[in-house]
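Working notes for the structure below.
The values are calculated or read from the model by the stated rules, or taken from the named source; none is laboratory data. Fair warning: this is a prediction, and the values are worked out from it, not measured in the lab. Using ideal geometry, Cβ is built from the backbone for each residue, glycine included, and neighbour counts are taken over all protein chains shown.
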Amino acid sequence: MPIPKREDIPHAHKWNIEDIYGNDQLWEADFKRLNESYGALADYAGTLGSSADQLAKYLTLKDDLSLLLERLYVFANQKSHENLDNNLYQDLTARILTLTTQFNSAIAFESPELLLLPKEKLLGFIKENDKLALYEHYLKNMIRQKPHTLSEEMETLMAAANDMANTSANVFSMLNNADISFPTITDDLGAEVEITHGRFISLLENKDRRVRQDAFTAFYKTYSQYRNTFAALYSANVKKDLFFSEARRYPSSLAMHLDTHHIPIIVYDQLIDTVREHLPYMHQYVALRKKLLHLEEIHMYDLYTPIVGDVKMDIPFEKAKDLVHKGLSPLGSDYQDILKEGFDGGWIDIYENKNKRSGAYSWGVYGVHPYVLLNYQDNLDNTFTLAHEMGHALHSYYSNRTQEYVNASYSIFVAEVASICNESLLTNYLLNSVQNDNEKAYILDHYLNSFRGTLFRQTMFAEFEKITHQMAADGQSLTADVLCGIYHQLNRDYYGPDIVIDEEIDIEWARIPHFYTPFYVYQYATGFSAATALSGKILENGGAAVAAYKKFLCGGGLKYPIDLLKDAGVDMTTKEPVTKALEIFSQTLKQTADLLL
């Protein structure tokens, strides 16, 4: 079946992006207004320390214009994601990115100027002006990062370099989403199916092993044709981060990225160490899968197909909404009401169309409801994706409703907690509502796959990033052969001796978009661990745990993420959350084996 064009998708299946701007002319009017007004921010240079009132005026104006900039960017970028071959919205996105660079250059004086003030004077301003109370966390965080703030001249230069610095990520996105095309294979019913990003995992879930192998081989051989280009892009992105970390006097790129939200490096290193200590659990999982699938050899393309072959869960989107709504009932009626508003209120862009951005995400702008991009397929995995992305969306909804703009944005570190908590609650609901042991085993298998794909696999990705960024820092080249070699060995370590590490998997690093936001993926694994702990508290303790969790959702960026989670009852600076999550994986593995062997 050919992929439909954007114009052939019914309006009811598309997001209402017009809730940001009703038409392109309104966008152009705001672009013109911002372009003509952001220069006023630079007029405050040299005056921020003159009085608390002057500082409050500047920060208020900056936030007003920052929000306008955000609206412009989100609209242009999300419109471009509807069809990456639409040059109009590619142009709008490029224009707003250029204006973003100019905007950041105009305010580059802010941090250096404020940090020249005595700490006591800056903190005193907060007490003198009620409006500055909103900025207490923002200003204290700025003081914390003083050692990594440069001179005004250097900050201006760094801001001007951002547009150029994003080139490798932008080129990767165009190559991966718009230019690359995959072959057609024959499915288990004899129909010709074009491989796409959206269909790839569904093909790997196919019960026909020939289909799985054909899809796997064709998909990764396509990437291999561009292996040197992908390696050059990845290497360029790593070098970009190395440059910025050295310029800002950080000991490493890892330290720079974690310091943004005040995450101790021990959280990252401890995650990798703890998962590595428990890799025998993953090796047991692979051995169980091999036995249950009755395979003489288990290959990488056998990791997604359900181990319960006679259960078929076709889940159209309307049914998925109903399952998610019921599954999240432990979070209370107010959460469910907002969820229903999101389902029915134009938040979601549901189905794949030609040249649409692959994958799924939630995003939006303060003052407008959140948005969710999907490429929905009628299966259990995509039902969990819906629950996951609506977790992000409702986190944003609660945060934006509770916090002022300056404190509304939460860090990615806590974002994955809300999304995966939804998945855990949905798993619990499904396990309690299935009709027979085979269906229960099917759900358990999906839960095991969630552990494999999130806690184990994302930690493997995190280790790949740590290794490759350190190599670049040591002056070593990141060629395609080097990257493939590292990736091959990591797969061997993580999946163990019972699986054939097919050479095609060596190139998988080339297709991971999150590698262009370095040191991002580990937060899926830490988020999974924290969410597992929180969902357990919600199911066990009810009201008090739900109230603490909703307070967490409302917290936005008012505190550092580690502290927000501590308030909710989870301390990610210890091994405990990761260790407990891995023990639940082991228990689930035993439960599955007892059902099926």
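Checked against (1) surrounded by fewer than 13 Cβ atoms within 10 Å (Cβ to Cβ); (2) modelled with pLDDT of 95 or more; (3) touching a strand residue (DSSP E or B) at 6+ places or on another chain (Cβ under 8 Å), MET1 meets all criteria but (2).
Select, from ASP506, ASP493, ASP474, the only residue that is of a type in the set (D, E, K, R) and within 22 Å of THR305 (Cβ to Cβ). When all the criteria are applied, what remains is ASP506. Every listed requirement among (1) closer than 21 Å to TYR21 by Cβ; (2) without any contact (Cβ under 8 Å) to a residue 60 or more places away in the chain; (3) buried (at least 19 other Cβ atoms within 10 Å of the Cβ) is met by TRP347 save one, (2). Annotation for segment 284-295: no member residue is under 24 Å from the mean Cα position of the chain (by Cα) and touching a residue at least 40 places away in the same chain (Cβ under 8 Å). With respect to the conditions (1) within 14 Å of GLY332 (Cβ to Cβ); (2) at pLDDT 95 or above; (3) of a type outside the set (Ser, Thr, Tyr), GLY556 lacks only one, and its number is (1). Within segment 301-329, the only residue that satisfies the criterion of being farther than 29 Å from HIS392 by Cβ, at pLDDT 95 or above and of a type outside the set (Ser, Thr, Tyr) is ASP302. Test SER245 against the stated conditions and say whether it is of a type in the set (Ser, Thr, Tyr), surrounded by fewer than 20 Cβ atoms within 10 Å (Cβ to Cβ) and touching a Ser or Thr at 6+ places or on another chain (Cβ under 8 Å). Considered against the rule, which asks whether it is of a type in the set (Ser, Thr, Tyr), surrounded by fewer than 20 Cβ atoms within 10 Å (Cβ to Cβ) and touching a Ser or Thr at 6+ places or on another chain (Cβ under 8 Å), SER245 comes out as no. Here is the figure for segment 419-449: residues that are more than 15 Å from HIS325 (Cβ to Cβ) and more than 27 Å from the chain's Cα centre (by Cα) total 9.
The criterion of at least 2 residues that are over 27 Å from VAL578 (Cα atoms) and β-branched (Val, Ile, Thr) is met by the following helices (runs of 4 or more DSSP H) wholly inside segment 196-296: 209-224, 227-247.
For segment 424-440, taking the residues that are assigned to a helix (DSSP H, G or I) and either of a type in the set (Ser, Thr, Tyr) or at pLDDT below 90 (or both), the one that is nearest to GLU389 (Cα to Cα) is identified as SER424. For MET154, the conditions (1) in a loop (DSSP other than H, G, I, E, B); (2) surrounded by fewer than 18 Cβ atoms within 10 Å (Cβ to Cβ) all hold with the exception of (1). Residues that are more than 29 Å from VAL368 (Cβ to Cβ) and among the hydrophobic types (A, V, I, L, M, F, W, C) within segment 399-440 comprise LEU430, LEU431, VAL434, listed in sequence order.
One line per residue, one yes/no per condition, for (1) more than 30 Å from MET174 (Cβ to Cβ); (2) among the acidic types (Asp, Glu); (3) in contact with a strand residue (DSSP E or B) (Cβ under 8 Å, 6 or more places away or on another chain); (4) free of Cβ contacts under 8 Å to residues at least 12 places away in the same chain:
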{"residue": "TYR58", "(1), (2), (3), (4)": "yes, no, no, no"}
{"residue": "LEU65", "(1), (2), (3), (4)": "no, no, no, no"}
{"residue": "ASP85", "(1), (2), (3), (4)": "no, yes, no, no"}
{"residue": "ARG95", "(1), (2), (3), (4)": "no, no, no, no"}
{"residue": "LEU99", "(1), (2), (3), (4)": "no, no, no, no"}
{"residue": "GLU113", "(1), (2), (3), (4)": "yes, yes, no, no"}
{"residue": "GLU120", "(1), (2), (3), (4)": "yes, yes, no, yes"}
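Just one of (1) outside any helix (DSSP H, G or I); (2) of a type outside the set (Asp, Glu); (3) surrounded by fewer than 17 Cβ atoms within 10 Å (Cβ to Cβ) fails for MET164. It is (1).
Among all positions in segment 494-507, there is no residue which is surrounded by fewer than 18 Cβ atoms within 10 Å (Cβ to Cβ) and under 15 Å from ALA231 (Cβ atoms). You will find that of ASN400, ASN355, ASN379, the residue that is surrounded by fewer than 23 Cβ atoms within 10 Å (Cβ to Cβ) and within 21 Å of LYS312 (Cβ to Cβ) is ASN379 and no other. Among the residues of segment 11-20, those that are closer than 13 Å to GLY364 by Cβ and in a loop (DSSP other than H, G, I, E, B) comprise TRP15, ASN16, ILE20.
Among residues belonging to segment 562-593 that are β-branched (Val, Ile, Thr) and out of contact with any Asp or Glu (no Cβ under 7 Å at 6 or more places or on another chain), point out the one that is surrounded by the most Cβ atoms within 10 Å (Cβ to Cβ). Walk me through how you get there before you give the answer.
Going through segment 562-593, the residues β-branched (Val, Ile, Thr) turn out to be 562, 570, 573-574, 578-579, 584, 588, 592.
Next cut, out of contact with any Asp or Glu (no Cβ under 7 Å at 6 or more places or on another chain) only: 562, 570, 573-574, 578-579, 584, 588.
Details: ILE562: 20, VAL570: 23, THR573: 14, THR574: 12, VAL578: 28, THR579: 15, ILE584: 17, THR588: 19.
Among residues in segment 562-593 that are β-branched (Val, Ile, Thr) and out of contact with any Asp or Glu (no Cβ under 7 Å at 6 or more places or on another chain), the one surrounded by the most Cβ atoms within 10 Å (Cβ to Cβ) is VAL578.
The set of residues in segment 521-536 that are closer than 17 Å to GLU389 by Cα and over 18 Å from the mean Cα position of the chain (by Cα) contains only SER535.
Out of curiosity, is GLU153 under 22 Å from TYR250 (Cα atoms), free of Cβ contacts under 8 Å to residues at least 12 places away in the same chain and among the acidic types (Asp, Glu)?
On the way: under 22 Å from TYR250 (Cα atoms): yes; free of Cβ contacts under 8 Å to residues at least 12 places away in the same chain: yes; among the acidic types (Asp, Glu): yes.
When the stated conditions are applied, GLU153 passes them.
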